[in-house]
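Accompanying notes for the structure given below.
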Amino acid sequence: MTTWGLIGSGNIGTTVARLAVAAGHDVVLSNSRGPETLADLVAELGAHARAATPAEAAQAGDVVVVTIPLRSYPQVPVEELRGKVVIDTMNYYPERDCSIVELDDESTTSSELLQGHLPAARVVKAFNNIFFQHLAALPRPSGAEDRSALPIAGDDDEAKRVVREQLDAIGYDTVDLGPLSEGWRTQPDTAAYGVMYALDPEAWDRGARPVPAAVVAERAAASRRHRDTQA
């Protein structure tokens with residue numbers, strides 16, 4: 001049984017927690033406001049869930065999901081994540097996160113920033129390109145014809161194997177994009193971000209559609225950086 005640590009319990013974090021519990025895993029949830037604010041969610045999730053501080057969730061997790069606004073990444077516990085597999089769901093939204101020069105000039109990626117903050121952890125990018133309602137709606141058993149895939153990226157092959165197994169357990173295939181430096185291919189405003197999972201591209205809350213691995217790979221390959229589109 002896997003224990004998932006959640007640093008952040010917003011829409012994506014809560015959805016991942018629900019999927020993990022449905023798969024029979026344990027979850028340790030945290031947020032910036034304190035464990036007591038998660039009492040209702042823990043009660044809903046049942047015996048496989050408990051609330052904690054971010055440091056406690058980091059220490060407890062076999063796999064730890066960082067799902068907070070990107071501007072807050074320097075607050076992610078460091079020592080507690082030493083040696084851990086860390087799933088980064090974060091995206092850069094300048095209007096929310098303020099300007100981050102290295103991301104504005106596309107000299108690095110958001111996951112590489114987190115990896116730099118967590119030098120002893122093994123960061124894998126995942127869950128960042130799918131709307132939380134679609135993430136909740138699309139899990140399917142292994143081998144199902146209408147199973148969807150999620151892209152991952154990371155510098156550590158063993159960490160990616162672990163994430164691939166965990167995503168399989170909660171209902172998803174994976175597409176390996178390569179190292180963290182390729183994580184930009186699923187960031188906002190790229191061909192592989194979000195819209196492909198939407199039944200109605202103009203209204204993402206009107207349902208989800210399955211997206212197989214081949215389509216995810218095709219969309220990721222078609223993604224372009226801002227500097228490429230402006231050339």
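Values for this structure:
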| quantity | calculated |
| --- | --- |
| Cross-chain or 6+ apart pairs with Cβ under 8 Å, the stretch 203-226 first and in a helix (DSSP H, G or I), then loosely packed, with under 15 Cβ neighbours inside 10 Å and of a type in the set (D, E) | R206/D200; H226/E106; H226/D189 |
| Failed item, numbered, when D105 is tested on (1) more than 17 Å from the chain's Cα centre (by Cα); (2) at pLDDT 95 or above; (3) of a type in the set (D, E) | (2) |
| Candidate set from the stretch 173-202 (those that are open to solvent by 40 Å² or more (accessible area, probe 1.4 Å) and assigned to a helix (DSSP H, G or I)); member that is farthest from Q133 (Cα to Cα) | S181 |
| Answer residue from the stretch 91-113, given it is part of a helix (DSSP H, G or I) and either open to solvent by less than 20 Å² (accessible area, probe 1.4 Å) or in contact with a Phe, Trp or Tyr (Cβ under 7 Å, 6 or more places away or on another chain) (or both) and is nearest to K160 (Cα to Cα) among those | S111 |
| One residue from E158, E165 being over 22 Å from S107 (Cβ atoms), of a type in the set (D, E), in contact (Cβ under 8 Å) with a residue 12 or more places away in the chain and part of a helix (DSSP H, G or I) | E158 |
| Residue list for the stretch 47-90, filter: open to solvent by 30 Å² or more (accessible area, probe 1.4 Å) and either in a loop (DSSP other than H, G, I, E, B) or of a type in the set (V, I, T) (or both) | A47, H48, T53, D62, I68, P69, V78, R82, G83, K84 |
| Residue within the stretch 122-144 that is surrounded by fewer than 23 Cβ atoms within 10 Å (Cβ to Cβ), free of Cβ contacts under 8 Å to residues at least 12 places away in the same chain and part of a loop (DSSP other than H, G, I, E, B) present | yes |
| Scope the stretch 191-231; condition among the polar types (S, T, N, Q) and modelled with pLDDT under 95; matching residues | T229, Q230 |
| Meets criteria (closer than 14 Å to W4 by Cα and touching a residue at least 60 places away in the same chain (Cβ under 8 Å)) for T109 | no |
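The values are calculated or read from the model by the stated rules, or taken from the named source; none is laboratory data. None of the values given here were measured: they were computed from a predicted structure. Ideal geometry is used to build each Cβ from the backbone, glycine not excepted, and the neighbour counts take in all protein chains shown. Areas reflect the complete protein model, heavy atoms only, side chains present, ligands, DNA and RNA absent. Shrake-Rupley method; radii C 1.70, N 1.55, O 1.52, S 1.80 Å.
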